[in-house]
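Working notes, beginning with the structure itself.
The values are calculated or read from the model by the stated rules, or taken from the named source; none is laboratory data. Quick caveat, the model's predicted, so the values are computed rather than measured. All Cβ positions, glycine included, derive from the backbone under ideal geometry; neighbour counts span all protein chains shown. All accessible areas refer to the heavy atoms of the entire protein, side chains included, with ligands and DNA or RNA removed. Shrake-Rupley method; radii C 1.70, N 1.55, O 1.52, S 1.80 Å.
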Amino acid sequence: MLVAVLDVGSNTVRLLVAEVGRKGELETVKSDKAYLGLGAEIACTGSLAVESIAGAASVCRRFADRARAEGSERAEVIVTAPGRQGAAAATLVAALRVATRFPVRVLTADDEGRLAFDGAVARASALPVSVGMVDVGGGSTEIVVGNRRSGARWVGTADLGSLRLARLVLNGDPPSKKELAAAREAVRSVLSPLSPPRPEAALAVGGSARALAKLVGGRTFDAEAAETAIARLARRRSTKVARAAGIDERRAETLLAGALLLAESSRVLGRPLTLARGGLREGAALALARAAAVAAA
């Protein structure tokens, strides 16, 4: 079944069109992304301007047209932190529904973690019985432990993501020592109280994890490797980080915050993190295909 997922997050809007097989195998047909930075505006002002909502709706309309052109049989818009945070959340959701003419679902942080776990596990070739997963988004962070057969068994969430942390605390580029210390304390205060069961291995999903993997030069990194990257990031302007690591400048602006969240998440799980090949959109695509199959039965 060909399905399409539009993922509206704090940093980006992303499109995934994928073919989902009967046994849950998933193949990407088309993908795209656009940076909007909705989470930064929400963090700074507590809401979204009319123009920002119109911009998000315009991008999603274009992505929805592409999904239809590909022949998608089922499609859905999922909205993460921007649908939960800020005074304009309901207005944003309504605008996306009108623009795309697709169902729009606002994910809870728990939903987000479970779907990201499913997508990460589905795209992994070999896994132990117990697997952890970390999803550092722009507006929130999810830590999940589960297994391939039963899915997520434990979910912990924090209302703090890379973009939100960067805008609230890390104002300098590079930040001052005081700002960095405040960011560390903010991260510890929301993640250290979490007590997940210790998995045999752990995966990381999301843009911060992809960017950090480029910076450390490998798909697997532990808290120590993340701290080495943090020390480098804290001394360099984001434009230089972007050029050195080959990442988008807007991602580089929030990478220090994302690295802090990933390092602490690795400590919480007690495992190094391996960059996953799937995540939230893949998990949502699988769920969409399953729901369609049940409806057709």
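The table below lists the values:
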| read-out | value |
| --- | --- |
| Tail fraction, Cα-Cα pairs, the stretch 64-202, threshold 24 Å, whole percent | 46 |
| Relative contact order [Cα under 8 Å, 6+ residues apart], the chain, whole percent | 21 |
| Rounded if a/c under 1.5, otherwise prolate or oblate - the stretch 151-245, Cα gyration tensor axes | oblate |
| Radius of gyration, Dmax [the stretch 209-294; alpha carbons; angstrom] | 15.4, 53 |
| Rg followed by Dmax, in Å, when the stretch 1-58 is reduced to its Cα trace | 14.8, 45 |
| Computed helical MRE - 222 nm, the chain, DSSP H runs ≥ 4 contributing -39500 (n - 2.57), nearest 500 | -15500 deg cm²/dmol |
| Of all accessible heavy-atom area on the chain, the percent that carbon and sulfur account for (1.4 Å) | 49 |
| Two-decimal Rg to Rh for the chain - Kirkwood Rh, Cα set | 0.95 |
| Computed FRET value (nearest 0.05) for Asp159 with Glu224, which takes r as the C-beta separation and R₀ as 30 Å | 0.65 |
| Residues whose placed amide H lies under 5 Å from that of Gly37, excluding near-sequence neighbours | Thr12 |
| Calculated from backbone phi, Karplus (6.51, -1.76, 1.60) coupling profile of the stretch 208-225 in Hz, x at Gly/Pro | 5, 5, 5, 5, 5, 4, 5, 5, 7, x, x, 7, 10, 8, 9, 4, 5, 5 |
| Listed residues Asn11, Asn147, Asn171, most fluctuating in the chain (Gaussian network, C-alpha, under 10 Å) | Asn171 |
| Pair Thr45, Glu27: separation of 7 Å Cα→Cβ label points (nm) | 4.5 |
| Relative contact order (%) - criterion: Cα under 8 Å, at least six apart; region: the stretch 56-107 | 49 |
| Fluctuation leader among Ala54, Ala75, Ala202 - the chain, Gaussian network, Cα springs under 10 angstrom | Ala54 |
| Average accessible surface area per residue within the chain, 1.4 Å rolling probe, Å² | 43 |
| Placed amide H near Arg153: partners under 5 Å, 5+ positions off or other chain | Val145, Gly146, Asn147 |
